[in-house]
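A quick write-up on the structure given underneath.
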Amino acid sequence: MDENQTEVVKDFVLAGFSQTPSIEAGLFVLFLFFYVSTWVGNVLIMVTVASDNYLNSSPMYFLLGNLSFLDLCYSTVTTPKLLADFLDNDKLIHYDHCIVQLFFLHFVGAAEMFLLTVMAYDRYVAICRPLHYTTIMSRGLCCLLVAASWMGGFVHSTVQTILTIRLPFCGPNQVDNFFCDVPPVIKLACADTFVIELLMVSNSGLISTSSFVVLVSSYSTILVKIRSKEGRRKALSTCGSHLMVVTLFFGPCIFIYARPFSTFSVDKVVSVLYNVITPMLNPLIYTLRNKEVKSAMQKLWDKSGLTWKKQET
């Protein structure tokens with residue numbers, strides 16, 4: 001009976017933001033700008049880190065380059081479909097595509113949470129144990145920690161996806177968001193999902209909340225261990241960008257996932273924050289507060305300008 005029920009719903013309808021064509025057209029332009037800015041900013045950081053010898057050999061910027069790649073992936077999971085739906089009144093998504101989107105959303109999202117935790121550990125070693133920094137944060141360890149972040153995201157997403165696809169869906173089929181995510185999707189199941197919700201909340205909520213606590217504790221420990229005012233000022237300058245990213249990413253995630261799957265009117269707006277806005281702002285936050293990245297970008301720009309002039313002559 002359950003297998004037959006799961007075959008009933010072939011497509012889901014994404015609620016989106018509006019059914020008014022003029023509003024949808026305006027939102028399409030706005031979110032297209034966000035998405036293009038996300039690509040430009042994050043690709044620029046990856047190219048800058050890869051092309052600069054100093055940045056490429058630094059653990060901090062190696063991790064930053066990986067964060068930019070994750071931001072690109074994370075935004076690409078949901079934004080292209082959102083842009084297409086602004087031009088499509090039906091806003092349909094096939095069941096299989098919905099599950100794939102849900103899987104990659106949690107895969108990349110959890111991997112980014114783990115990577116941000118790794119970056120906090122990197123700052124802790126750099127500030128509290130500067131003489132041993134290069135020894136501890138070797139390239140081999142950095143690669144291992146990045147791989148562990150991806151693996152942690154994969155395991156988390158696999159659990160979430162398996163719990164979701166085991167549920168029967170026989171209608172209604174409207175997902176109350178602009179993408180497929182666990183909370184709105186399992187509310188459509190034709191079964192009692194109380195236990196599943198508890199398992200998923202404990203899974204997603206525990207990861208986001210515990211990672212956030214570890215991050216805040218790490219940065220607090222850094223500030224406590226530094227006695228001088230000048231040292232604290234430098235530490236705040238170094239960690240300030242990290243704290244801004246952590247707040248922008250973890251705040252909305254905790255709000256969505258660390259509570260029972262009840263629906264609030266602000267859920268869509270909160271989802272936009274961590275799906276669209278944060279991946280766009282991350283490159284801006286890091287470049288505005290980081291002299292080394294800005295200097296490397298300037299060198300890259302000057303080098304590109306010089307090459308162009310030589311080719312022209």
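The values are calculated or read from the model by the stated rules, or taken from the named source; none is laboratory data. Being a predicted model, the structure only gives us computed values, none of them experimental. Positions of Cβ are generated from backbone atoms using ideal geometry, with glycine treated the same way; all protein chains shown enter the neighbour counts. All accessible areas refer to the heavy atoms of the entire protein, side chains included, with ligands and DNA or RNA removed. Shrake-Rupley method; radii C 1.70, N 1.55, O 1.52, S 1.80 Å.
Among T38, T76, the sequence by solvent-accessible area, most first, with a 1.4 Å probe is T76, T38. When the Cα convex hull of the chain is projected onto planes of every orientation, the mean area is 19.4 nm². Every helix of 4 or more DSSP H residues in the chain counts as -39500 (n - 2.57), and over all residues that averages to -26000 deg cm²/dmol at 222 nm. Per-residue SASA remark: S138, around 40 Å² accessible (1.4 Å probe; ligands, DNA and RNA not included). Entry comment: accessible area of the range 11-296 is 45 Å² per residue, from protein heavy atoms only and a probe of 1.4 Å.
Membrane-span-like helices in the chain, defined purely by DSSP H runs whose alpha carbon atoms cover 30 Å or more axially and whose average Kyte-Doolittle hydropathy reaches 1.0, are 21-51, 95-128, 139-165, 194-225.
Annotation: extensible slack from A15 through T209 equals 67.0 nm (criterion: 0.36 nm per residue apart, minus Cα-Cα distance).
Of the trypsin sites (Lys or Arg not before Pro) found in the range 1-91, those in coil by DSSP whose Cβ has at most 12 other Cβ atoms within 10 Å are K10.
With a 1.4 Å probe and every protein chain left in place, tell me how much accessible area V213 has, in Å² to the nearest 10. In the full protein context, V213 sits at about 80 Å².
Cysteines in the chain that lack a partner Cβ within the 4.7 Å cut-off: C73, C128, C142, C143, C239, C253. Spin-label model, T263/N89: points 7 Å from Cα along the beta carbon direction are separated by 2.2 nm. Taking a ≥ b ≥ c as the square roots of the Cα gyration tensor eigenvalues, the range 1-99 comes out oblate, since a/c reaches at least 1.5 and a/b does not exceed b/c. Heavy-atom accessible area, probed at 1.4 angstrom with all protein chains present, ranks S57, S218, S295 as S57, S295, S218, highest first.
Gyration tensor analysis over the Cα atoms of the range 236-279 returns equivalent ellipsoid semi-axes of 24, 11, 6 Å (largest first, whole Å). Taking label positions 7 Å along the Cα-Cβ direction at both V159 and A25, the computed distance is 4.7 nm, reported to one decimal. The heavy atoms of F194 offer some 130 square angstrom of accessible surface to a 1.4 angstrom probe. Straight Cα distances below 17 angstrom link K225 to the aspartates and glutamates D122, with same-chain residues fewer than 8 positions distant left out. Of Y121, Y54, the order by accessible heavy-atom surface (1.4 Å probe, DNA, RNA and ligands excluded), from most exposed downward, is Y54, Y121. Using a simple spin-label model with pseudo-atoms 7 Å out from Cα toward Cβ, C143 and S51 lie 2.5 nm apart.
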